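To start, the structure itself, in C-alpha cells.
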Amino acid sequence: MRVFVFVAAGVALAGCSSTSMSSMDFFKSKPVEVTLQLESTPPGATATTSVGPSCKTPCSVQVATADSFTVTYALPKYQSETIPVTVSAQSGSPPVLDPNPAVAELKSATAAKKPAKKKPRAAKPAADDAASPFPPPPAQQ
C-alpha cells in the first residue's frame, strides 16, 4: 500500500510541475495592439515595420510591441528611408507611439542632372585679315 501512495504522489507532483510552467504564462501580459498610421511623399511606398506588419502608403498597421522599432519605406526610383518609432508605455493606459503618423519624404534616386560641359568653340578664321586690328601670325616654314 505504501508503494501505491508514493507512486500516486509522484504522478500528482509530476503533473503539477508540468502544468505550473505553462500556467506561468497566464501571468505574463500580452502586448496591447496599437494602430500606427504610415504616410509617405510620394504616396505608394511599401512601409515595412521591423516588428512584422507592412503595407502601401497611405495606410495603417496594428503593432503589438513594448519595444521601440523602425519603419522602412521603399519605392522604385526613390532612396529608401528608415524612421525610428519609440514606444512609451504608461501604467493603466495603452502605449503611445512617437511619431504617429510616421511620415517619410522620399528623395529621388536619380542624381540631379548636371549641365553638360560645353565644348570650347574653335576659333573662326578671320574672313579678312586686313580688318583685324592684330597682325597676322608669322608663317611657319
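The values are calculated or read from the model by the stated rules, or taken from the named source; none is laboratory data. Quick caveat, the model's predicted, so the values are computed rather than measured. For neighbour counting, all protein chains shown are included, and Cβ atoms are generated from backbone atoms with ideal geometry for every residue, glycine included.
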Selected residue [touching a Lys or Arg at 6+ places or on another chain (Cβ under 6 Å) and at pLDDT 85 or above] from A109, A104: A109
Step by step: first the residues of the range 67-86, then only those that are of a type outside the set (S, T, Y) and touching a residue at least 24 places away in the same chain (Cβ under 8 Å), then the one that is nearest to E105 (Cα to Cα). Which residue is that? E81
Please return the ranges of strands (runs of 3 or more DSSP E) entirely within the range 30-88 where 2 or more residues are within 14 Å of the chain's Cα centre (by Cα). 33-41, 46-49, 54-56, 69-74
What's the number of the only condition in (1) exposed (fewer than 12 other Cβ atoms within 10 Å of the Cβ); (2) at pLDDT 95 or above that M24 fails to meet? (2)
